[in-house]
1. Skipping prolines and chain starts, which residues have an amide H placed within reach, meaning under 5 Å, of the one on VAL334, given they are 5 or more residues away or on another chain?
2. Rounded if a/c is under 1.5, else prolate if a/b is larger than b/c, else oblate: which is segment 322-413, with a ≥ b ≥ c the root eigenvalues of its Cα gyration tensor?
3. Could you check the simple spin-label distance between ARG94 and ARG234, using points 7 Å along Cα→Cβ, in nm with one decimal?
4. Would you mind checking the tilt of helix 410-420 against the longest principal axis of the Cα atoms of the chain, expressed as 0 to 90 degrees and rounded to 10?
5. Per the helix-only calculation at 222 nm, which mean residue ellipticity applies to the chain, given -39500 (n - 2.57) for every DSSP H run of n ≥ 4 and division by its residues, nearest 500 deg cm²/dmol?
6. At a 10 Å Cβ-Cβ cut-off, how would you order TYR300, TYR115, TYR213, fewest neighbours first?
7. Would you mind calculating the gained length between ARG222 and ALA182 on full extension (0.36 nm times residue separation, minus the Cα-Cα distance), in nm to one decimal?
8. Using Cα centres only, tell me the gap between segment 80-134 and segment 238-317 in whole Å.
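Derivation of every value follows stated rules applied to the coordinates shown; laboratory data play no part. Remember, it's a predicted structure, so these values are computed and weren't measured experimentally. No Cβ is skipped: glycine too gets one built from the backbone with ideal geometry, and neighbour counts run over all protein chains shown.
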Amino acid sequence: MTRENATGPLANPYREIQQTLSPQDVAERSIAERVLRDTDNLLLRATDVLLATTSSPTLEELIAEGEQFDWVFIEEAARANGAELIGALLLGNRRVMIGDHRQLSPFEADERQKYYDPVRADDMLRDGMQRLEAIPDLPAEVGLALERLKHDRPFLLDVLAAAARLEEPFRSIVEREQQREASTGRPSSVAQTLLEQSRMHPTICRVVSNTFYGGKLVPSDRVKERAPTVGVERGFPGTPIVVLDFPPLSMSKTRAFEERAKKALSNPIEAQALVHALDQISPLMGEDADPPSLVLLAPYSGQVERVERLVRPMVDGEGRLRGFVSPRGDGRFVYTSDSFQGGQADVVLASLVRNNVDFGGRALGFLKNPQRLNVLLSRAKQKLILATSLQFFFDAVEGANGDAASLDLSFVQNLVRELRSPVGPEDDGIAGSITIVPLSERGTRIP
C-alpha cells in the first residue's frame, strides 16, 4: 500500500507534507522520518478509500491495530492464493471478490498442488520433525500435529484437501457454488457469474466463449455497435480474426520451427509472419478520435524477445507503431501473454510458438493450460491475428493417449474447430468472420 494511492481530500496535502519533511541535512533526517511516519498513520486513518496490494505490509499493521472497513473489494481475486487473501478479508465483514478462475491461477499453483499428494505427504512426514528442528522456538503443538497427521489417515486426507483448496480459494468457492446450484436448482447467493463482456468483437467473443465458457459468454450491445478503427492494406483480410496457418512439422520439409537457446523458446518464422502482417494493418483515424492500440503477444519470453527486436526499429519518435499506440501508454508493444492479463488492445497479434512432432502436454508446453491460452486469445477488442499451426495443435491432442489420465486437452481441439468455423450465430450471418491464411513452411502465402 502506498499513501500516494490514497484518495480523498487529504491526498494532495500528504504530498506537500512529504516534500516539506525531506531535509538534506543527515542529522535532521531521522527526526523528519519519525514525523513523517506519524503523519502517515494519521492520514491513513483519515482517508476515505485505500488502495493496496494483498501482499502489502500495511495490511498487517491495520489488522494488528484492529482497523475495520465498511467494504473490502479484491480485484483479480482468482490470481491470489489463500495466504495472500486472508489479510484483506480480515479488514471488513462485507467483502466482494472479483475474478475469473478460467484465466490465470495464482503463481505456481500447479507446482504447489503437487505437495498435497498423499504419497508425497507421507514422504515429508516421515522425517518432518527432523527437518523442522532447525527452526528455533518451534511451538510444541507443531510436533503434536505432525504425529497426528502421520497416524490418522482420514485426518491427513482432510488437511491435504483443505490446503489444496486454499491454493486457489476463489476457484474453490466458485466451483462449490456451481455444484450447489446444479444440485439444488437454486441460484447462489454467494457467487454471481457475469456473462456479458464489453471488450471483444462478437466473432472473437464467440471463439473464446465456445472454447472456455461453454458458449455462455456474450458481447454487450456496446461492443456490437462499436465503430471500427482498424483498417487493412494490400489485400490483407479485414475479418476480425485472421489465422496465419503454418503446416505442422510432421508434414514439413524443414528440420524445426521451434528454436531453443538455453531455456528460451522461440519460433522465428511465426515472428516474421506477425511482423509482415503488422505491415499490412493501419489505424482508421476520424476527427478528434484517439488512435487505436496494438500489442504483440506470445506465451514464451524467448519469442517476446525475438519479436521485440524485429519491431523496435518500427516505433517512431512519438512512441507509435505504424500509427498505433502502445496498450499501456509507455511505448512498449510486446509482452508475454501471462504479463498482459488484465490488459487489452484494439489489435492483438499473437504467436503460439509450438510446432513439433511430440504429443500431448509435451508438445503443447505452456499451452496445455487452458487458462493461459484463454488470456492470450481474449485480449483483442477489434482484431486478432494469430500465427500458429492449427493442424499441429489438433494432431498433438489427437495422439495424447499418455496424457488422458492427467490432462484434459479437449479444449485445444475445440479451439481449432472454432477457428475453422467461418461463421457462428453471434456473427449475425456475416460470412468469412474468420479468415485462415495458409502459409508454407517459409512463411509464403499458399494460393
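1. For VAL334, whose amide H was placed from the backbone, the distant partners under 5 Å are LEU296.
2. Taking the square roots of the gyration eigenvalues as a ≥ b ≥ c, segment 322-413 is prolate.
3. Going by the 7 Å Cα→Cβ label model, 5.8 nm.
4. Helix 410-420 and the main axis of the chain meet at about 40 degrees.
5. -11500 deg cm²/dmol
6. Ascending Cβ contact count within 10 Å gives the list TYR115, TYR213, TYR300.
7. 11.2 nm
8. 36 Å
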